[in-house]
1. If you go through region 30-55, how many residues are crowded, with 19+ Cβ neighbours inside 10 Å, modelled with pLDDT of 95 or more and of a type in the set (A, V, I, L, M)?
2. The conditions are (1) surrounded by 12 or more Cβ atoms within 10 Å (Cβ to Cβ); (2) at positive phi; (3) modelled with pLDDT under 90; (4) not polar (S, T, N, Q), and Cys111 fails exactly one of them. Which is it?
3. Evaluate the following for His4: is it out of contact with any Leu (no Cβ under 8 Å at 6 or more places or on another chain) and surrounded by 12 or more Cβ atoms within 10 Å (Cβ to Cβ)?
4. Please go through region 72-82 and pick out each residue that is surrounded by 15 or more Cβ atoms within 10 Å (Cβ to Cβ) and touching a helix residue (DSSP H, G or I) at 6+ places or on another chain (Cβ under 8 Å).
5. Among what's in region 47-63 and is among the aliphatic types (A, V, I, L, M) and not in a helix (DSSP H, G or I), pick the residue that is nearest to the chain's Cα centre (by Cα).
6. So Ser26 fits all but one of (1) closer than 26 Å to Gln96 by Cβ; (2) part of a helix (DSSP H, G or I); (3) within 13 Å of the chain's Cα centre (by Cα); what number is the exception?
7. May I ask you to say which residue of Val81, Val16, Val44, Val66 is in contact (Cβ under 8 Å) with a residue 12 or more places away in the chain, aliphatic (A, V, I, L, M) and in a strand (DSSP E or B)?
8. So is Glu72 in a helix (DSSP H, G or I), farther than 16 Å from Cys111 by Cβ and among the acidic types (Asp, Glu) or not?
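The values are calculated or read from the model by the stated rules, or taken from the named source; none is laboratory data. In this text the structure is predicted, and so the values were computed from the model without any measurement. Heads up, the Cβs are rebuilt from the backbone with ideal geometry, glycines too, and the neighbour counts pull from every protein chain shown.
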Amino acid sequence: MLPHQFFKLLSDETRVRCLLLIARESGICVGELTEAIQESQPKVSRHLAQLRAQGLVRDERRGQWVYYHLAENLPGWAKKVIEDIAASQCLKAEYQQDLNRLQGMNRASCCD
């Protein structure tokens, strides 16, 4: 993946919000993402498909649910950018609500 392709993917807020949650969690299902960012399942799935097609995330099917993880083969520079954005205090206020909703939900029952 070339840098311009990577940053083009990050130009959409829904993709960034999904990517940040995926980076913070070790496996997160579509149901959890839709609840956390309060977007429809088709919209979230469409954006996840773009992230997967470009190699930023990988999926893992467990029963009827699909869980997403950061791709292991991400270029080092791309992984560093994602980790830095996820750890950044400048974005904390904007994305804290997503994290709060994720942490406040009954995750065991969401994707079972």
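1. Number satisfying all stated conditions: 3.
2. Of everything listed in (1) surrounded by 12 or more Cβ atoms within 10 Å (Cβ to Cβ); (2) at positive phi; (3) modelled with pLDDT under 90; (4) not polar (S, T, N, Q), Cys111 misses just condition (2).
3. no
4. Passing the criteria: Leu74, Ala78, Val81, Ile82.
5. Val57
6. (2)
7. The conditions single out Val66.
8. For Glu72, the condition - in a helix (DSSP H, G or I), farther than 16 Å from Cys111 by Cβ and among the acidic types (Asp, Glu) - is not met.
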